[in-house]
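Undergrad: Before I ask anything, let me first share the structure, which is written out below as structure tokens.
The values are calculated or read from the model by the stated rules, or taken from the named source; none is laboratory data. This is a predicted model, so every value here is computed, not measured. Heads up, the Cβs are rebuilt from the backbone with ideal geometry, glycines too, and the neighbour counts pull from every protein chain shown. All accessible areas refer to the heavy atoms of the entire protein, side chains included, with ligands and DNA or RNA removed. Shrake-Rupley method; radii C 1.70, N 1.55, O 1.52, S 1.80 Å.
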There are 2 protein chains.
Amino acid sequence: MTLKNILLRTIHQKNKFVNVAATAVKLTNQEQYEYKEQRRNDSNYRRIVGSALFSSVLVGTVFAEKSHKKGNKNKDGDTKVEAGERRPDLPTFRAEEVSKHDNEKSFWVTYKNGVYDVTSFLPSHPGGEQIMNAAGLSIEPFWNVYGMHKTQEVYALLESYRIGNLHEDDIVDHTDEELWVKEPSRDKRLIVKTNKPFNAEIPAKLQIAHFDTPNELFYVRQHMPVPDLDAGQHSVRVIIRDGSTRVKEFSLDKLEMFPKGSVRAALMCAGNRRSEMNEQVKPVKGISWQGGAISNALWEGVYLRDVLVYCGVDTANTVGKHVIFTGSDIDATGVNFSTSIPLDQALNPNGRILLATHMNGNPLPPDHGYPLRVIVPGAPAVRSVKWLESITISYDESPSHWHQKDYRSFNASKTWETADFATAPPIYSLPVTSAICDPADGDAVVAKDGVVEVRGYAYSGGGAKILRVDISPDCGKTWLQADELQCDDAPPQQHYAWTLWTARIPVAKGQKELELWAKATDSNFNTQPEKFDDIWNIRGVLSNAYHKIKVQIKH
Amino acid sequence: MTLKNILLRTIHQKNKFVNVAATAVKLTNQEQYEYKEQRRNDSNYRRIVGSALFSSVLVGTVFAEKSHKKGNKNKDGDTKVEAGERRPDLPTFRAEEVSKHDNEKSFWVTYKNGVYDVTSFLPSHPGGEQIMNAAGLSIEPFWNVYGMHKTQEVYALLESYRIGNLHEDDIVDHTDEELWVKEPSRDKRLIVKTNKPFNAEIPAKLQIAHFDTPNELFYVRQHMPVPDLDAGQHSVRVIIRDGSTRVKEFSLDKLEMFPKGSVRAALMCAGNRRSEMNEQVKPVKGISWQGGAISNALWEGVYLRDVLVYCGVDTANTVGKHVIFTGSDIDATGVNFSTSIPLDQALNPNGRILLATHMNGNPLPPDHGYPLRVIVPGAPAVRSVKWLESITISYDESPSHWHQKDYRSFNASKTWETADFATAPPIYSLPVTSAICDPADGDAVVAKDGVVEVRGYAYSGGGAKILRVDISPDCGKTWLQADELQCDDAPPQQHYAWTLWTARIPVAKGQKELELWAKATDSNFNTQPEKFDDIWNIRGVLSNAYHKIKVQIKH
């Protein structure tokens, strides 16, 4: 069964009861596009399913972390919970009956044979109201896309709400393997954070082994299964909505009409180094990245600006307009991944924003957006939408939950209850950061001629150049300037690549331990905060305090 | 006697013995220009006098600070030193004899009737080798321009090196009043840091009273006396040096051929808030600014970019080129103030760099560059050269000492001995900062309905927008977001104006004291460091840690 069919089945399951629209079983790409457009314009549908799976990711990772901390002791142990098995002691319900319990006063879901009344759980749902997507339905399609739910803790929690069995005529096979069979094979050296969707970082010592990260070692951040696309069939639509709507469509061949463009740029997840914030202050929600959610590459394709100008975008009237990028990756409710950037940022010639087909001289790998992705240098990587299928100029930011309910920042005192995503500005650029990659925390290192060599990366968003990396070997009492900075030769204000650095730290004879602090200074002379305390935030993004490690010294 | 004549006399005094060039007594502007060009190209002359007065400023302010800390108790007291009075007990020297002691092995200077052997003082001179400018000469012309030398401490120090009297036939009247008679009158509300040259900050509570600072309250930073210029006679030369040299000259009338341009921009001294770094870590060299070395204005004129393009500057070949701005203000050795920025920065349309004739709707006041100055938004104010007389496109940065030996940054461990100005990158953009302006540290404030209102400014260089200001009323335990941000409506990445903010801080009944911390976050999501310790630097620039004050509460 193809991903499209699974999607359609999910939509069908939804529509079967909420009666939003009839669903054709076989849709062409065009039909599917129009169908989705129609649904996007249906505010009722948007209200119901628009929340998408942002919160599911949160739930998943929170539970994944808990599970990780407990060492997965239940994984194959004797306390294993088999959720959704038939329970002869409980009553049986038809799906139609379950579907009526679709509101906050009575909220039921199904899982395999089980029926669950999770009404009392709603206020505790870490992802808030997004759970409403599953109102009166099976949670399996959602959990299939967001496999991080599938832990013993969540199964046990679910079973505690069990009220009955689903009539066997209403049971649908929701096994998820089919969703993931098209996943590309990955390099075994990547450090996997979650498998479904696939999120993995590059090991620190490999990270600094190349200025341009080999494609197979580039960190991977997916929100959904990887779409299985054909470059020959793929096209991207440019949709201009400014009163009237105009659409232009470009096959990859047609895109070649534009001058070739390239940019050497690091991509970094807004949540890179989240684990330090997590450990040094208090828990945050999100994948617990170490420093490996940044890599560097040479991207080639055509400049977005050229395409937009060709399509007649008014370059003189940019205020209040946005460029929405939509990918072919689809969540469990049938909504494509999307996010946006301000039009002014998109048109800035210094921005060097690319519609990229190539990465380090080769076609984009499937994990990095084959056959087409946008590269927004200097911005958090989430804006560099993969598997790009449309570019929409609009007076509104992307309505998606990835855009509206994530990748925004709050001060350290905001909680999930008090944080107002609607008024918090989206993150379109990244602050200065750095990390020590070699040695690693806890390593035993050899001092040669009384010197320990330390290597790492530094990066700043928005085109800022790294001017200096300073290392303290004594908790801030003294600072030594890294004597080698490796950066590219980009023009001023277009320093989108990372900087690799080497520092040589003298150690005293007989010194057994060394604590190292790293901080970078960029061309706006911004520096990193010393501690995570005051930049802590509920989502653990922008985690750019000093990197601090301790190593043992062998003489 | 005009400033020009005083200048020429100083040059004459120099040349009388070192025989660099014959000095005409009456030079036209053109002759003076050519003469200066010739001297600039004479490497010997450059070696001797090129160091200019950067270090004199340092000396002056260091001593001024010492004087300040001792409460000026010697100012009119009985221990007053009269430097340079005739001493019958000492031998008499001719000026020609003094002039032979012009090297590190024997270094003499004169002051009024006094002759001084300061050879042993050379290594201790806070400004280093720049003292060599006065080798074998009177120090009076230098001190006249840098009046901060004129403290009892410096006079006493000087007299301790006394070895004789200068022959009365060789004594020249170097009284300085004539240098300063053309200084403009200033608003009495400004807080004067030094009088000659005039440096004054705006009081904090007036600072936030207007979004655009009234011209008469705009902080003033001068390096030299204010030139007395005539808008009708003034012109600016554009000099392109790229193999051949091409020169175009523009009167102010001729500049009107370009489209009108404007930019609303704050100007901030790179040393703003230096006093906090000074007090909270350890002494730095420089004027001890509080937070009042930043003000905001609407500047009008023409865009530098338009002028450069008109003059045929190659906009496609900018790498490694610089734009040198030269003002009409002249140091004691006859060198004009100058500094430079990279050509790429000068040509960036988002940079909105202006050749400004107007400030808040009126012609520039003399203190702010009448009749023409450059405005480099987002950069430290030193790059916004006043009294602009030439713009030079060159493969070299400005050779001036203001450019080469100042306005660069170092890590906290660099000393005047280890800091290498030649390899340290110049400061072309400013990091995010903020300050609480009302209440002031130590104020007693009234809590209305259990709330204390706090107001201040925030600013970030390079066009970054201020997105958030957070205030902590409990040393970082909790943070409250300022609920009012007043900023202009500039397009993205062109936020050159400051942001004024208001926060409302709840206080407990009976609470008597309140410590407040302020920090801002900009659109690159950079934030301020908490403490000054790790950003401390020898020059006290980029002093952008949290602003912290304590106030008393009246209920």
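Undergrad: Restricting to segment B:391-418, what's the tally of residues that are away from chain A (no Cβ under 14 Å) and open to solvent by 60 Å² or more (accessible area, probe 1.4 Å)?
TA: Total meeting the criteria: 6.
Undergrad: Check off (1) within 14 Å of another protein chain (Cβ to nearest Cβ); (2) open to solvent by 10 Å² or more (accessible area, probe 1.4 Å); (3) β-branched (Val, Ile, Thr) for B:Val323 and give me the number that stays unchecked.
TA: Condition (2) is where B:Val323 drops out.
Undergrad: Please go through (1) open to solvent by 10 Å² or more (accessible area, probe 1.4 Å); (2) among the hydroxyl-bearing types (Ser, Thr, Tyr); (3) in contact with a helix residue (DSSP H, G or I) (Cβ under 7 Å, 6 or more places away or on another chain); (4) in a strand (DSSP E or B) for B:Thr315 and return the number of the only condition it doesn't satisfy.
TA: The failed condition is (4).
Undergrad: Counting only residues that are in a strand (DSSP E or B) and among the hydroxyl-bearing types (Ser, Thr, Tyr), which one in segment B:455-467 is surrounded by the most Cβ atoms within 10 Å (Cβ to Cβ)?
TA: B:Tyr457
Undergrad: Then there is this: Taking the condition closer than 20 Å to A:Gly334 by Cα and among the polar types (S, T, N, Q), does A:Ser138 pass?
TA: Against the criterion (closer than 20 Å to A:Gly334 by Cα and among the polar types (S, T, N, Q)), A:Ser138 qualifies.
Undergrad: Looking at (1) part of a loop (DSSP other than H, G, I, E, B); (2) more than 13 Å from chain A (Cβ to nearest Cβ), which is the one condition that is false for B:Asn537?
TA: Unmet condition: (2).
Undergrad: Which of the residues belonging to segment A:468-513 are away from chain B (no Cβ under 12 Å), outside any strand (DSSP E or B) and open to solvent by 50 Å² or more (accessible area, probe 1.4 Å)?
TA: A:Cys487, A:Ala508, A:Lys509, A:Gly510, A:Gln511, A:Lys512, listed by residue number.
Undergrad: Could you list, in sequence order, all residues of segment B:339-366 that are open to solvent by less than 10 Å² (accessible area, probe 1.4 Å) and away from chain A (no Cβ under 14 Å)?
TA: B:Thr339, B:Leu354, B:Leu355, B:Ala356, B:Met359, B:Leu364 - these are the residues of segment B:339-366 that are open to solvent by less than 10 Å² (accessible area, probe 1.4 Å) and away from chain A (no Cβ under 14 Å).
Undergrad: Specify the residue that is nearest to the other protein chains (Cβ to nearest Cβ); the eligible residues are those in segment A:514-529 that are open to solvent by 10 Å² or more (accessible area, probe 1.4 Å) and among the polar types (S, T, N, Q).
TA: A:Asn524
Undergrad: How many residues are open to solvent by 10 Å² or more (accessible area, probe 1.4 Å) and assigned to a helix (DSSP H, G or I) if we restrict to segment A:275-288?
TA: 4
Undergrad: Say whether the condition of being part of a loop (DSSP other than H, G, I, E, B) and modelled with pLDDT under 95 is met by at least one residue in segment A:425-433.
TA: Within segment A:425-433, one or more residues are part of a loop (DSSP other than H, G, I, E, B) and modelled with pLDDT under 95.
Undergrad: Here's something else I'd like to know. Out of the residues in segment B:177-210 that are in a loop (DSSP other than H, G, I, E, B) and within 16 Å of the chain's Cα centre (by Cα), which is surrounded by the most Cβ atoms within 10 Å (Cβ to Cβ)?
TA: Out of the qualifying residues, it is B:Ile202.
Undergrad: If B:Phe532 satisfies every condition in (1) open to solvent by 10 Å² or more (accessible area, probe 1.4 Å); (2) of a type in the set (A, V, I, L, M, F, W, C); (3) not in a strand (DSSP E or B) but one, which is the exception?
TA: So B:Phe532 meets the others, but not (1).
Undergrad: Please go through segment A:189-212 and give me each residue that is over 23 Å from A:Gly286 (Cα atoms), out of contact with any helix residue (DSSP H, G or I) (no Cβ under 7 Å at 6 or more places or on another chain) and of a type outside the set (Phe, Trp, Tyr), ordered by number.
TA: Those that are over 23 Å from A:Gly286 (Cα atoms), out of contact with any helix residue (DSSP H, G or I) (no Cβ under 7 Å at 6 or more places or on another chain) and of a type outside the set (Phe, Trp, Tyr): A:Lys205, A:Ile208, A:Ala209, A:His210, A:Asp212.
Undergrad: So which residues in segment A:400-428 are under 20 Å from the mean Cα position of the chain (by Cα), among the basic types (Lys, Arg) and within 14 Å of B:Arg468 (Cβ to Cβ)?
TA: A:Arg408
Undergrad: Is it the case, given these coordinates, that A:Gly291 is outside any strand (DSSP E or B), open to solvent by 10 Å² or more (accessible area, probe 1.4 Å) and within 26 Å of A:Thr194 (Cβ to Cβ)?
TA: Here the answer is yes, as A:Gly291 does meet what is asked.
Undergrad: From the residues in segment A:435-454 that are in a strand (DSSP E or B) and surrounded by fewer than 20 Cβ atoms within 10 Å (Cβ to Cβ), which one is farthest from the other protein chains (Cβ to nearest Cβ)?
TA: Of everything passing the filter in segment A:435-454, A:Ala444 is farthest from the other protein chains (Cβ to nearest Cβ).
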